[in-house]
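Right, one structure below, let's go through it.
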Amino acid sequence: MVTLLSRAFKNKTIVITGHTGFKGAWLAEWLSLLGANVIGYALPAEDPDCLFVKSGLKSRVESIDGDIRDFESLAKVVRDAGPDFLFHLAAQALVLPAYEKPRETYETNVMGTVNVLEAIRATKKNITVVLATSDKCYENREWLWGYRENDRMGARSIQLFQRL
């Protein structure tokens, strides 16, 4: 499996949005180990104890500070990188801050994704894109496996929000 993945990603240019977050940092680490040229685009890591900082990833990947709500900046990174792959993980993923700042959450999660797709479209290059999403919208069944698109909606956090 590692050989197959190495063949797919070795010497490929990959942009990861949200590379300073937990999942983004693990993805950047993994792709870097497979021999990919990783370019990360995200807000600066705020926590000195986060995986991105502790792992020393900044010295092994090209890390660009930026906000996916800033289309021009994001589009320039995508255009200049000319990536083979783009993994979009940047998001405001925490439920309570989403309730506290809904507009900022929509600007980041919805318009940020629109910006990513528009930046890719503007390159006129075939780029393989992976868009990450959240399981927070699904009813928590305490399963050991991940949720699927056809699973029942109705996360407890949504029910709590409706009572507020």
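The values are calculated or read from the model by the stated rules, or taken from the named source; none is laboratory data. What you see is a predicted model, and the numbers here were worked out from it, not measured in a lab. Note that each Cβ is placed from the backbone with ideal geometry, even for glycine, and that neighbours are counted across all protein chains shown. Surface accessibility is based on the protein's heavy atoms, side chains included, excluding ligands, DNA and RNA. Shrake-Rupley method; radii C 1.70, N 1.55, O 1.52, S 1.80 Å.
Structure summary
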quantity	calculated
Boolean, Leu51 is farther than 19 Å from Ile127 by Cβ and either touching a residue at least 60 places away in the same chain (Cβ under 8 Å) or surrounded by 17 or more Cβ atoms within 10 Å (Cβ to Cβ) (or both)	yes
Extreme residue, modelled with the lowest pLDDT, among residues of the stretch 106-138 that are farther than 19 Å from Ser73 by Cα, more than 13 Å from the chain's Cα centre (by Cα) and surrounded by 15 or more Cβ atoms within 10 Å (Cβ to Cβ)	Lys136
Pick from the stretch 32-44, criterion hydrophobic (A, V, I, L, M, F, W, C) and under 19 Å from Leu74 (Cβ atoms), ranking: most open to solvent (accessible area, probe 1.4 Å)	Leu43
Given (1) aliphatic (A, V, I, L, M); (2) surrounded by 15 or more Cβ atoms within 10 Å (Cβ to Cβ); (3) within 22 Å of Thr133 (Cβ to Cβ), number of the condition Leu57 does not satisfy	(3)
